[in-house]
Amino acid sequence: MSTERTKSGLGRGKAVENASEVEESGLGDRISKVVALYPTKKKAASTAGVSSDQLTNYERGKHRAPFEALGKLATEQDVRLEWLLSGEGPMHRADPYQLAGGGEAIGVRGALASEAFVLVPRYSVQASAGPGAVAPDEDVLEYLAFRRDWLSTIGVQPQNAKLLQAVGDSMADTILDGDILLLDTGVDRIVDNAVYVIILHGAVMVKRVQLMVDGSVTVRSDNPKYEAERLAADDAAGLQIAGRIRWHGRTM
């Protein structure tokens with residue numbers, strides 16, 4: 001996660017306060033509280049871009065802490081930089097995280113500190129389970145927490161996990177309109193007759209895709225009212241595999 005320079009007004013190399021001022025303001029104690037949110041001090045130091053010894057010196061008020069290091073340290077744990085610098089207001093921003101399945105975010109921060117969970121981004125782009133929708137800009141709407149060991153069990157690397165929403169009924173009853181889809185972007189080619197998110201002529205679609213022996217590709221919908229489409233080998237070259245669907249969820 002990168003430091004929000006525009007919102008926080010962070011500058012490179014600028015430092016805060018001298019040692020006595022740090023002690024009086026309680027900045028060192030607040031730094032320690034943020035560091036405690038990380039699984040290890042080494043991880044916190046790496047996030048801040050400093051050594052563990054430097055971070056300890058910041059906590060003890062022996063050295064000045066650069067704004068940039070504090071910004072990175074705070075942003076990664078969703079801590080308000082204003083609180084870290086001044087102690088004013090709440091420590092954390094309004095929590096944007098949810099547990100997959102719609103649960104409350106109770107204990108998520110602690111779970112993340114133990115690295116038990118992965119926060120998977122859900123993008124504004126929608127995958128059409130219908131005739132095909134043009135992809136809008138991909139903005140992150142929210143994050144859902146998935147267990148790291150579960151992702152490993154289904155073969156998804158955390159950095160390749162993305163979420164998006166299905167629209168349309170062409171994949172019913174497998175995938176319904178409004179379902180949240182877990183996409184493995186590490187799969188960028190057709191490996192079997194599985195369900196993929198594909199991009200063709202600017203349209204983002206979720207379909208069952210099968211590679212034929214002659215190099216052509218068959219694109220199918222699970223809803224029987226939609227006909228299968230076969231792309232000749234030359235046309236199939238323009239087909240982009242954005243990833244394979246590994247999970248879907250919905251509200252009952």
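What to note about this one:
- Sequence-distant residues sharing a close amide H with residue 49 (under 5 Å, placed H): none
- Solvent-accessible surface ranking, highest first, for 205, 252 at 1.4 angstrom: 252, 205
- Taking all pairs of distinct alpha-carbon atoms in region 167-250, Kirkwood radius in angstrom: 13.0 Å
- Computed about the Cα centre, the dipole magnitude for region 142-252 is approximately 320 debye when only Lys and Arg (+1) and Asp and Glu (-1) carry charge, each at its Cβ.
- Note on residue 41 and residue 227: the extension gain reaches 61.3 nm, defined as 0.36 nm multiplied by sequence separation minus the Cα-Cα distance.
- Peptides 233-241, 35-43, 177-185 ordered by average Cβ neighbours within 10 Å, highest first: 177-185, 35-43, 233-241
- Centre-to-centre separation between the Cα atoms of region 189-232 and those of region 141-182: 19 Å.
- Spacing of the two label points (7 Å from each Cα toward its C-beta) at residue 33 and residue 140, in nm: 2.4 nm
- Karplus-derived 3J(HN,Hα) values for region 169-179, using 6.51 cos²θ - 1.76 cosθ + 1.60 with θ = phi - 60°, are 10, 5, 9, 5, 9, 5, 10, 9, 4, x, 4 Hz; glycine and proline are entered as x.
- Label zone at residue 218, where the point sits 7 Å out along the Cα-to-Cβ direction: region 178-204 residues whose backbone N lies under 13 Å: 193-194
- Among the trypsin sites (Lys or Arg not before Pro) within region 150-225, those in coil by DSSP and having at most 13 neighbouring Cβ atoms inside 10 Å are 189, 225.
- At 1.567 mPa s and 4 °C, Stokes diffusion of region 148-210 via Kirkwood alpha-carbon radius, µm² per second: 102 µm²/s
The values are calculated or read from the model by the stated rules, or taken from the named source; none is laboratory data. The model shown is predicted, which means the values in this text are computed figures rather than measured ones. Note: ideal-geometry Cβ built from the backbone for every residue, glycine included; neighbour counts use all protein chains shown. Just the protein is used for accessible areas: all its heavy atoms, side chains included, with ligands, DNA and RNA removed. Shrake-Rupley method; radii C 1.70, N 1.55, O 1.52, S 1.80 Å.
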